[in-house]
Amino acid sequence: MKILLPDSLPLHPSLPDGVRAISYDASRPVPPEHRDAEALVVWGVSGDDLAEVAGDMPNLRWVQTLAAGPDSVLAAGFPDDVVITSGAGLHSPTVTEHALTLVLALLRRLPQAGAAQAAHRWDREIGGVQPLHPEGAVTSLIGAQVLVWGFGNIGQTLAPLLQSLGATVRGVARSAGERAGFEVVAEEDIATQLAQTDVLVMILPSTPETEKALDAERLAALPEHAYVVNVGRGSTVDEDALLTALTDGTIAGAALDVTAVEPLPEDSPLWDAPNVVITPHAAGGRPVGADELVAHNVRALVEGRELRNVVER
């Protein structure tokens with residue numbers, strides 16, 4: 001059995017006897033001489049390159065993407081009998097770090113502090129004696145109501161950290177219930193939750209159902225003191241509506257690690273919107289535990305067992 005491993009990161013999975021690993025250039029389509037492979041691992045491969053080879057690998061049985069969201073692999077057009085597995089869980093630690101950083105950057109007014117620093121100005125509005133819960137934008141996680149929309153691996157890793165800093169955390173998912181010890185509300189009931197939210201963290205995947213999920217109506221349901229943080233996918237936020245909310249002051253600010261178009265165009269008005277932090281899709285980018293996941297799924301494939309992180313198609 002031949003498995004193709006991308007050269008976009010060091011991969012050294014422990015493979016069973018009879019499985020041969022071949023490295024390929026992730027910046028190009030899989031070369032013709034290796035399109036006889038039965039397994040393909042994807043990381044940093046463009047959607048166009050995947051689409052070029054999707055119908056030209058006759059022996060292919062399994063594609064492992066190391067991305068948490070498998071959208072680019074699903075869009076490539078691999079045959080229905082090819083099993084696709086995602087990198088769900090590989091990015092939970094790093095995206096959690098970034099999400100927490102963005103939340104705290106907004107609460108601790110780092111955009112305002114950065115502007116003051118650039119002007120060589122000691123901003124007494126954000127320093128010195130301060131009330132814990134002032135009028136206007138929320139400034140602490142202590143007592144804050146945080147809503148995590150998209151309560152999968154990353155959300156469940158982030159929630160305990162937010163809670164440990166004093167926040168009350170609820171998740172939002174397709175169905176209500178309890179996950180990892182946290183209350184989860186159904187998406188159909190999100191409107192009532194938004195009205196009492198201080199920080200909304202978006203960790204939604206890109207699907208037709210999540211397109212512009214945070215629209216003008218839902219933004220309007222947030223209090224004026226609330227912040228929005230998006231570390232999921234840029235397509236899940238109506239950016240025109242978000243820009244209007246920021247400009248009009250109907251929300252306090254936003255932190256975006258993802259945008260609908262990436263890279264974000266130089267002339268996008270989001271760059272200059274008030275109280276906005278923008279990072280260049282930097283939350284993930286370094287899968288943790290990729291070797292173990294690949295090794296597990298290779299063995300499962302060889303032994304005829306169920307693979308981990310199988311994507312429904």
### Message
Could you tell me how many of the residues in the range 220-254 are surrounded by 21 or more Cβ atoms within 10 Å (Cβ to Cβ) and either assigned by TED's automatic domain parsing to the domain that holds Ser72 or in contact with a Lys or Arg (Cβ under 8 Å, 6 or more places away or on another chain) (or both)?
### Response
3
### Message
Please count how many residues of the range 116-164 are hydroxyl-bearing (Ser, Thr, Tyr), touching a residue at least 24 places away in the same chain (Cβ under 8 Å) and not in a loop (DSSP other than H, G, I, E, B).
### Response
1
### Task
Go through the range 189-224 and give me each residue that's closer than 15 Å to Thr236 by Cβ and of a type in the set (Gly, Ala, Ser).
Ser206, Ala213, Ala216
### Query
Can you find even one residue in the range 195-203 that is of a type in the set (A, V, I, L, M, F, W, C) and assigned to a loop (DSSP other than H, G, I, E, B)?
yes
### Residues being over 22 Å from Arg286 (Cβ atoms) and in a loop (DSSP other than H, G, I, E, B) - total across the range 52-95
13
### Query
Among the numbered criteria (1) touching a His at 6+ places or on another chain (Cβ under 7 Å); (2) under 30 Å from Pro223 (Cβ atoms); (3) buried (at least 18 other Cβ atoms within 10 Å of the Cβ), which single criterion is violated by Pro287?
(2)
### Query
Given the conditions (1) under 30 Å from Val199 (Cβ atoms); (2) crowded, with 22+ Cβ neighbours inside 10 Å; (3) free of Cβ contacts under 8 Å to residues at least 60 places away in the same chain, and given that Leu40 satisfies all but one, which numbered condition is not satisfied?
(1)
### Message
If I ask for residues that are of a type in the set (Asp, Glu) and within 15 Å of Asp240 (Cα to Cα), which ones from the range 252-269 would you list?
### Response
Asp267
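The values are calculated or read from the model by the stated rules, or taken from the named source; none is laboratory data. Predicted, not measured: the structure shown is a model, and the values here were computed from it. With ideal geometry, Cβ positions are generated from the backbone for all residues, glycine too; neighbour counts draw on all protein chains shown.
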